[in-house]
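Beneath this line is the structure, given in structure tokens, with notes to follow.
The values are calculated or read from the model by the stated rules, or taken from the named source; none is laboratory data. Values in this document were obtained by computation on a predicted structure and should not be read as measured data. Don't worry about glycine lacking a Cβ; one is built from the backbone with ideal geometry, like all the others, and counts go over all protein chains shown.
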Amino acid sequence: MNSSSPRRRFARAAVAGIALTGLLSACGGSNDGDASASGPVTLPFWGWANGQEAVIEAFNASHKDVQLKYTKVTDQLTMQKQLTNAVKAGNAPCLVQNTAEYVTSWVSQGALADITQYVGSSKDKFNAGSWTAGQVQGKVYGVPTSSAPAFTIYRTDIFTKYGLRAPTTWDEFIAAGKQLKKHGVEITNFAGEDPSTLEVLAMQAGAHWYAIDGSSWKVNFQDEGTLKAAQVIQEIIDNDLNSKLSFADYAAVQRNYDDGGTATRQISTWQMAGMVQNFTKSLGKWALSPWPTFAGEAAKTPAGTNQSGGLTLVTEQCRHQQQAAEAALWMSTDVGAVTTMADPATGNGVMPALVDSHPYVAEAIPEKLLGTNYQPAQQVVKDSLSTVTTDWTFGPNWTAMFTEMQAGWAKVVNKTQSVTDLLAHMQRWTVDDLKSRGISVKG
């Protein structure tokens, strides 16, 4: 929600494998080097996150028999396309960085290696939500690199000026938005290209767009949780409480927040670095509060709110899967590597996937942005880590589904289609798309 990219998230990937999807495994060779008298095994690694070059340099300096060769890819969407092409060509790298929504479809295509035997014993080193992100039907295909704390960041000066407190529920959020609207301030931003707003609110409300029912997929874009989320979003849009700034013009979005045109964001730790880098007027005037809840419900943070939940995945075509899996595990557990990635100055400010990420909170959030609110903000982040949703499933056609939803979401933001109409369309479209792929589906 309100991200600089419409992609994000970790969640529980309790999904069906190759037999269920009806897709054949890819086959082919490997482009990783062999160990020989002339040198160590070299494992190609594709990624995009800030800080990875430094982590790989540290790995290579501390390992004699295995070396990583890094290729930087633009982002996770580009990674999806490039890995798919590489698998077809039989020259996939050994290791790839990506997020959980792609794991199901890649496993169904035979692109990923089952590395359970190499890393399964390390399960207890990671928090439960992050660990399940790399699993498909109980098998491990990737090592988690980050968690997904999520919270609201808001302008304290604006809220104080108009006698408002940080909203604790979505009802309070809407009420505050109506008050701010009177003074020419929007409470949030809905980018027309980013339907993750709908996804994460549905996730928080207990929705399940995809589920396994026996030997079939079950699709439901109109369950109780989704409709509850839709009602909140529709009220925000109907009352013009949201800005409509596209992240295609990232600088304009940041100026709007800095100038006080929009007063809150629902974000995670890594997005705060961009705020620090781009703000000139509002540094020190921001504070954190918990993600708003639905009235009468306990705190619940949506998993994978378009920003975190990364994984290091091992490909099936890698001829040195054990070494690759062990390298992935090192990058997610070595103190120096984890610290580098958690720090927004040296990495990308993501929270580690470790079972105890609390020691990294202070470095992952910027004091410059929060000012006197820096200390209480740390507790907000820690509390968020303990309330993350762990029962969300990504379906085998998630990428295609999300692309279709983007087109409809733009209409929702521009008031030419209701949220419920979009959901009805997505229900029909997703079922038809899965059937067209030869996948058994109910819905």
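Within segment 222-239, can one find any residue that is of a type outside the set (S, T, N, Q), assigned to a strand (DSSP E or B) and within 19 Å of residue 154 (Cα to Cα)?
The first filter runs over segment 222-239 and keeps only residues of a type outside the set (S, T, N, Q), leaving 223-225, 227-230, 232-233, 235-238.
With assigned to a strand (DSSP E or B) added as a condition, the list becomes none.
There is no residue in segment 222-239 that is of a type outside the set (S, T, N, Q), assigned to a strand (DSSP E or B) and within 19 Å of residue 154 (Cα to Cα).
Can you tell me which residue among 280, 315, 269, 264 is surrounded by 24 or more Cβ atoms within 10 Å (Cβ to Cβ), at pLDDT 95 or above and not assigned by TED's automatic domain parsing to the domain that holds residue 48? Spell out the reasoning first.
Numbers: 280 fails: surrounded by 24 or more Cβ atoms within 10 Å (Cβ to Cβ); 315 fails: not assigned by TED's automatic domain parsing to the domain that holds residue 48; 269 fails: at pLDDT 95 or above.
Testing whether each residue is surrounded by 24 or more Cβ atoms within 10 Å (Cβ to Cβ), at pLDDT 95 or above and not assigned by TED's automatic domain parsing to the domain that holds residue 48 leaves just 264.
Within segment 388-443, how many residues turn out to be among the polar types (S, T, N, Q) and buried (at least 17 other Cβ atoms within 10 Å of the Cβ)?
The initial filter retains those residues of segment 388-443 that are among the polar types (S, T, N, Q), namely 389-390, 393, 397, 399, 403, 406, 414, 416-418, 420, 427, 430, 436, 440.
Those still in the list that are buried (at least 17 other Cβ atoms within 10 Å of the Cβ) too: 389, 393, 397, 399, 427, 430.
Count: 6.
Is at least one residue of segment 110-127 touching an Asp or Glu at 6+ places or on another chain (Cβ under 8 Å), over 20 Å from residue 331 (Cβ atoms) and assigned to a strand (DSSP E or B)?
Looking through segment 110-127, none of the residues is touching an Asp or Glu at 6+ places or on another chain (Cβ under 8 Å), over 20 Å from residue 331 (Cβ atoms) and assigned to a strand (DSSP E or B).
Among 200, 219, which is crowded, with 23+ Cβ neighbours inside 10 Å, assigned by TED's automatic domain parsing to the domain that holds residue 175, at pLDDT 95 or above and out of contact with any Asp or Glu (no Cβ under 6 Å at 6 or more places or on another chain)?
Step by step, each of 200, 219 is checked, and only 219 is crowded, with 23+ Cβ neighbours inside 10 Å, assigned by TED's automatic domain parsing to the domain that holds residue 175, at pLDDT 95 or above and out of contact with any Asp or Glu (no Cβ under 6 Å at 6 or more places or on another chain).
Taking the condition of a type in the set (A, V, I, L, M) and not in a helix (DSSP H, G or I), does residue 337 pass? Even if it seems obvious, please write down each step before you answer.
Values: of a type in the set (A, V, I, L, M): yes; not in a helix (DSSP H, G or I): no.
No.
Please specify each residue of segment 130-166 satisfying the condition of being without any contact (Cβ under 8 Å) to a residue 40 or more places away in the chain, of a type in the set (Gly, Ala, Ser) and not assigned by TED's automatic domain parsing to the domain that holds residue 263. Give the derivation first.
Filtering segment 130-166 for residues without any contact (Cβ under 8 Å) to a residue 40 or more places away in the chain gives 138, 140, 160-165.
Within this subset, residues satisfying the condition of being of a type in the set (Gly, Ala, Ser) are 138, 163.
Residue satisfying the conditions is 138 alone.
Which condition breaks for residue 323 when tested against (1) crowded, with 21+ Cβ neighbours inside 10 Å; (2) of a type in the set (S, T, N, Q); (3) modelled with pLDDT of 90 or more; (4) not assigned by TED's automatic domain parsing to the domain that holds residue 57?
It is condition (4) that residue 323 fails.
Within segment 67-74, can one find any residue that is touching a residue at least 60 places away in the same chain (Cβ under 8 Å), closer than 17 Å to residue 322 by Cβ and not charged (D, E, K, R)? Break it down stepwise before answering.
Residues of segment 67-74 touching a residue at least 60 places away in the same chain (Cβ under 8 Å): 68.
Imposing the further condition that a residue be closer than 17 Å to residue 322 by Cβ reduces the set to 68.
With the extra rule that they be not charged (D, E, K, R), the set shrinks to 68.
Yes, segment 67-74 has at least one match.
The rows are residues; the columns are (1) within 30 Å of residue 284 (Cα to Cα); (2) polar (S, T, N, Q); (3) assigned to a loop (DSSP other than H, G, I, E, B); (4) assigned by TED's automatic domain parsing to the domain that holds residue 134.
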site: 377; (1), (2), (3), (4): yes, no, no, no
site: 381; (1), (2), (3), (4): yes, no, no, no
site: 384; (1), (2), (3), (4): yes, yes, no, no
site: 396; (1), (2), (3), (4): no, no, yes, no
site: 399; (1), (2), (3), (4): no, yes, no, no
site: 402; (1), (2), (3), (4): no, no, no, no
site: 407; (1), (2), (3), (4): no, no, no, no
site: 415; (1), (2), (3), (4): no, no, yes, no
